[in-house]
Amino acid sequence: MSTPYKRGPIHLSSSSDQQKELDVESLPIPNTTKDHPVKSRWNSPLHLSGLAISLLILGYFSHIPYFPHPGPTPKPPISDVVNRGLQQCEAIKIMPPDTTHFRVNRTVSDRFESKNAKPVLLKNATVWTGRDAGEEILYGASVYLRGGVVVSVGTETHVRSLLHGAVEEIDVEGRWVTPGIVDMHSHAGVDASPSLRGSDDTNSVAADVNPYLMSINGFNTHDAAAEWIISGGVTTNLILPGSATSMGGQAFVVKLRKTEIDSPAALMVEPPFVYDGTANQSFVRTGYKRFVKTAFGENPSRVFSQTRLDSIWHLRQKFQEASNLKQAQDDWCARGEENTDQFPDDITQELLVDILRGKVNVNSHSYETVDYNNLAQLTNQFKFHISTIHHAHEGYLTIPRLKQFYGGPPAAAIFATNARYKLESFRGSEYAPYILTEAGILTTCVSDHPVLNSQHLLFEAQQTYMYGLNVSAALQTVIGNPAQALGLDHRLGKVDSGFDADIVVWDSMPLQLGARPVQVYIDGIAQLKQPRTVLKPHLQDVPPAGSADGWKTALETRGDPPLRSEIESKNVIFTGVTSTYLRTEDQIRELHVQGNSLKEKRVIVRNGQIACVGECAVEQEKDFEFIDLKGGVITAGLLTYGSYLGLMEIRQEPSTTDGKIPDPLTESNAYLSMIVPKGADGALFDQKDQLIAYKNGVTRGVVHPIESGVFEGISYAYDPSARHALDGGILQREAALHIKISEGSKLSSAAVIGVIRKLLLGETEKSDLQRYFKKIALGKVPLVVAVDRADLMASLINLKKEAAPGMKLVFDGAAEAWLLASELKKADIGVIVNPAKAFPGTWDSRRSLPGLPLSNMSLPAYLADHGIKVGLGINEEWMARNTRLDMAWEYTNAAGVFTKASALELVTSNMEDLLGLSRSAAEDASWVAYEGNPFALQATVRAVRGENRPYVHIF
């Protein structure tokens, strides 16, 4: 028998109060004759004679033996055990609160802290309210924040009429204002920065199904990333446990701002449990929804040496046990006071029972179609709803199955372009957000922080706009949709009366590449104490719309579309070309194309080489392909470095890689210690990420062997469009020698630097390695050292002075290089900033420059401003496609440090110099033709000429 449910909110009284209520209900029924007395008639003669007769009868029957007549047995008192069980029966009836009228007359937030929250009036704002499905934009509007909530948004006259008392007025000068960003997949606090063994509480592998674990129990309030995350406009986070197990445990929604009570509990939004405020500090339910994380696929299979078959069985088994427990509870409650035993309960299963009662927001880490099939079966068998599928890389391929989930389709939480790092993500598509959204699936973008730095979650929304979503849908992926998926859209996701005062003021239209907050309010409290900003008056408009042209092909090919160009042409006429940015000797030169009209601004290509720029004419135009760039530009081809692209296809599948090289410093093998591995000998081509990068303007890659220790071997340069090494794939067999000095090394940094010193001075036995170091000491081969910590860089600067002043030394990574900028300039040491956007993820990088709005410059801009040659790198293969966007980001946010030409040098000529590449003749150099502006978000590659290729690939 089922127990009927009722809705909260629930405010549980203390156990003593509940006992009093039960005691009152068990009192005897009042004597109504006492309350309403009847007039006495005992004095009448009739009653006196009747009394005498009664006495005679009584005397007669007094001589008859007495046999007592069985009457009702007095009801025994209810035991304490049963009483507690009855209270449990009441508690399990409580459902999450009905939020229909949550905001009616809501003037103070439950998270309000009067000590820090001053009333604020933002005026002259362009407000994307999130209302009307994200379609509403108010111009010249005002927003009034008070008591931790939005009091009003609208015209200044209307809002001013509601002002009460003193208020801080801020003229935002037409800037964009939006609700705060909601990141519904984060491990901030449990996978804290910097990453240290003592603060890693992401996963427990004690068992495969752990519904009783809570992420909040491992939340580190000292996470250095918290301030960075807030500075990106992120105001709310769902802190999930990791995905190492089939059920990792319970998750919690938090706001990362500092609170008066500096504890994890004080960060929670609508916590499912709170202390009741009594001396006993009892932990009681609030009635708010709970959150849990499950995981399918490679992760639990790898950790527990099992398969998907095991994972789904483990969950089915546990849910069956929970279902049995739920039925036992319902049966117990149906019997009520007739029970004599205690209420059936199990602390290891109570969360699962709550799932079956509809009280838990279930989040499932599930990549592939087989996982969605399994989830559909599981949810229909046990009648519970999945709120969100995380890492839904193949969700767009099986939308009909998603709609068969019990209770309706789940939301899809995905990355915009991060894919192919494991087999599960190999069919991920940039068009997935568009396809899912068009099919009516609630789509959200997430960071999986620190997999992606949550600080830049807005960048994910910008990419969905690039690939087809409209303005409202793109912004909703990180604001309104995650609020809805969390069941918190009654308070988050809109700038509207009664909503939480989580507000972001942006320096530019939020979908413009590089948009950064000017101020962030959480619960009405300003979070940026001294924000650094850049004026961007030219970036206040909505950027040009992107395109979803490839969505049909993505579906038809089940996520494996053809990536090569189908058209090769030797001769092309480009029209509508406004500028070119091409290599001339050692730098990029900007040339404005001449012509009386856009149509007359031409670039003529013959045999793959640019033959004429400007008002050019040809005799036989029929021999040419015509491409209208519509005001676009032609730039030098881009270069990618820093990942294993060119030696690795799927990072987590060893069979798709070249394998790791031995380290001569840590592995004792006499034969192997004699050689220096060369990446070119293990070159791999026709890789998915190579071809995607090429379609996005990357014409060269440089990669060193996959290391196992300090020495990383000799890098090589390649053409990502090549089919194999003999197809012109290898552009330069030997580029630079690479080594790595880091906190994770088996050897101390002092030992490594000592070995390098001996090699540079020629004080070691003759070997292949020693011969290379002789070239390095003479400046003939660059030595590229992967290093982040300023202390180690200082030691290497001294090493160069002592042992090899003519050495061409380059730092790769170099997170803390800004602390040594003057010394680097003096020592003529170049830097490849990798990754391009900083993050304090390790102890060695904890002093990184965060960039706007926490520092006035990023690391690349700071170093370039000090005269240091700088390049941009990546650290994972999928990132190569975004090389142009990394460059454009620096151009946009560097406050005049970079021109367009010098920004382009960060990923072209500077990288050539830093990595020791020989330059092609100008006529043989690669280039890319863009429709749109490659220094902004939206630019479509229309044609690519590869290095030394006699033809052009047209896309």
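Just so you know, all these numbers are worked out from the coordinates, no wet-lab data involved. What you are looking at is a predicted structure, and each value in this text was computed from that prediction instead of being measured. Here Cβ is always computed from backbone atoms with ideal geometry, including for glycine, and neighbour counts include all displayed protein chains.
Overview of values
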| read-out | value |
| --- | --- |
| Rounded to the nearest 20 debye, dipole of the chain from Cβ charges on Lys, Arg, Asp, Glu | 620 |
| Set of aspartates and glutamates near Lys678 by C-alpha distance (under 14 Å), chain-local residues within fewer than 8 positions excluded | Asp658, Asp663, Glu707, Glu712, Glu734, Asp768 |
| Fewest-first ranking of Met268, Met879, Met95, using other Cβ atoms within 10 Å as the exposure measure | Met95, Met268, Met879 |
| Whole-Hz couplings from phi, Karplus 6.51/-1.76/1.60, listed for the stretch 827-837; x for Gly and Pro | 8, 6, 10, x, 9, 9, 6, 8, x, 5, 9 |
| Most to least packed among 230-236, 769-775, 651-657, 384-390 [average Cβ atoms within 10 Å] | 230-236, 384-390, 769-775, 651-657 |
| Ellipticity estimate at 222 nm from DSSP helix runs (n ≥ 4, -39,500 (n - 2.57)) divided over the chain, nearest 500 | -7000 deg cm²/dmol |
| Burial ordering of Ile229, Ile627, Ile312, fewest other beta-carbon atoms within 10 Å first | Ile312, Ile627, Ile229 |
| Rounded to 5, the percent of DSSP beta bridges in the stretch 638-924 classed as antiparallel | 30 |
| Ranked list, fewest to most other Cβ atoms within 10 Å of each Cβ, for Cys612, Cys89 | Cys612, Cys89 |
| Antiparallel bridge percentage (DSSP; both residues within the chain; nearest 5) | 55 |
| Cysteines having no other Cys beta carbon under 4.7 Å from their own, within the chain | Cys445 |
| Straight-distance crosslink candidates among lysines, where the alpha carbon sits under 21 Å from Lys255 and sequence neighbours closer than 8 are dropped | Lys115, Lys118, Lys289, Lys293, Lys494, Lys529 |
| For the stretch 525-544 and the stretch 813-884, distance of Cα centres in Å | 22 |
| Karplus-derived HN-Hα couplings along the stretch 312-325 (A = 6.51, B = -1.76, C = 1.60, θ = phi - 60°), whole Hz, x at Gly and Pro | 5, 5, 4, 5, 4, 4, 5, 5, 5, 4, 5, 5, 5, 5 |
| From phi via Karplus (6.51, -1.76, 1.60), per-residue ³J(HN,Hα) for the stretch 200-212 in Hz, x at Gly/Pro | 8, 10, 6, 10, 10, 10, 5, 8, 7, 10, 10, x, 8 |
| Beta bridge orientation in the stretch 247-370: antiparallel %, DSSP, nearest 5 | 55 |
| Net charge contributed by nearby residues that have their C-beta within less than 9 Å of Asn418 (K/R +1, D/E -1) | -2 |
| Rg over Rh [alpha-carbon atoms, Kirkwood Rh] for the stretch 638-924 | 0.94 |
| Partner aspartates and glutamates for Lys630 [C-alpha distance under 19 Å; skip if fewer than 8 residues away on the same chain] | Asp549, Glu590, Glu600, Glu615, Glu931 |
